[in-house]
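Every read-out reported here was derived from the displayed coordinates using simple, explicitly stated rules and does not represent laboratory data. Remember, it's a predicted structure, so these values are computed and weren't measured experimentally. Virtual Cβ from ideal backbone geometry, glycine too; neighbours counted across all protein chains shown.
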Amino acid sequence: MNLEQIKHTVEFLKLKGILEPEIGIVLGTGLGNLATKIETNLVIDYEDIPNFPVSTVEMHKGKLIYGKIGGKQVLAMQGRFHYYEGYSMEETVFPIRVMKLLGITSLLISNAAGAINLAYKKGDLMLIKDHVNLFPANPLLGQNEPELGTRFPDMSEPYSLQLNDYLRTTAQEKEITLREGVYVTAQGPMLETPAEYRMLKIVGGDAVGMSTVPEVIAANHIGLRCCAVSVLTDECDPDNLKPVDIAEIIEVASKAELKLTDLFVGLIEKI
Ligand code: HPA
């Protein structure tokens, strides 16, 4: 466990002026629009942050944004580290631990995901109520660092019931349809075969994606309440599967992200 590195990065960011963040936000693929709602105090490229994993070409916009939304100090990650890019699980959650030690008390996560539940359509938003971790690893493997959290963290309420209630109320107020369901992970980067989509449904999934769960595990370990919303970008019907077009996935995400932005802004105002 790289506690010293985490603390060093925290000190660096404090010296830069990130002093009182309340809410951390992870913006998923194609979901950077929320950043435009931040009254920005400070933007730091990931590559300028010591110990941050080095970004890959795919993540050209890796930035930490500090500022205000609805009067609250937020710290947003524009771009996340995916396991399929070759980062270790520990690297993928490094920024979550840093944000917690900087002082955030809530974490809001977004992602793009495929709809396994065929009652849900592309462009829909889905509140993640629970998850099934199918990654071959997780960020807590290895020696535990008691300063961060306990050896055997409880996962009976992985997503904060309170934040989920705020999300539902905000969705109602803003007349945004908010589906709910279980998110299952796929290691990626390839998408799934028809047989794999069938399996993911049997396993209990309503949506599938390649991120989020490591971050949620690290958040629970470190005592950070969190919530997560998927933007459903494609419909995973094993009996009628069309080739996935990543450009289309990103386009669907970009269109739906206006709703996501509204939802998160409303949520932040309630926290
Ligand atoms: N599978 C895995 N991850 C995804 C998908 C999918 O169908 N769509 C968006 N992210």
(request) Pick out the long, greasy-scoring helices in the chain: whole DSSP H runs spanning 30 Å or more along their own axis by Cα, mean Kyte-Doolittle at least -1.0. (result) 246-270
(message) Return the Rg/Rh ratio of the stretch 58-123 with Cα-based radii and a Kirkwood Rh.
(response) 1.03
(request) Before anything else, pin down the relative contact order of the chain: Cα pairs under 8 Å, at least 6 apart, normalised by residue count, whole percent. (result) 27 percent
(request) Compute the label zone of Glu248 within the stretch 95-128: residues whose backbone N is under 19 Å from the point 7 Å along Cα-to-Cβ. (result) 112-125
(request) List the pair-distance distribution P(r) of the stretch 1-104, using every Cα-Cα distance, as the percent of pairs falling in each 10 Å bin from 0 up to the bin containing the longest distance, rounded to whole percents. (result) 15, 52, 30, 3
(message) About the Cα centre, and with charges only on the beta carbon of Lys, Arg (+1) and Asp, Glu (-1), how big is the dipole of the stretch 3-270? Nearest 20 debye, please.
(response) 480 debye
(request) Quickly work out the Asn2-to-Val54 label distance, labels modelled 7 Å from Cα along the C-beta direction, and quote it in nm with one decimal. (result) 1.2 nm
(request) Convert 37 °C to kelvin, take the viscosity as 0.692 mPa s, use the Kirkwood radius over C-alpha pairs of the chain as Rh, and evaluate the Stokes-Einstein diffusion coefficient in µm²/s, rounded to a whole number. (result) 177 µm²/s
(request) Figure the gain on full extension for Leu134 and Thr150 (residue separation times 0.36 nm, minus the Cα-Cα span) and round it to one decimal in nm. (result) 3.5 nm
(request) Calculate, in nm to one decimal, what Arg168 and Asn240 gain on full extension: separation in residues at 0.36 nm each, minus their alpha carbon distance. (result) 22.7 nm
(request) Starting with the highest mean, order 24-34, 207-217 by the number of other Cβ atoms within 10 Å, averaged over the residues of each peptide. (result) 207-217, 24-34
(message) Students often check this: by mean Cβ neighbours within 10 Å, which of 173-183, 150-160 ranks highest, and how do the rest follow?
(response) 173-183, 150-160
(message) Can you give me the distance in nm between label points at Lys16 and Met199, each placed 7 Å from the Cα along the Cα-to-Cβ direction?
(response) 4.0 nm
(request) Express in % the proportion of alpha carbon pairs of the stretch 92-229 at distances exceeding 28 Å. (result) 20 percent
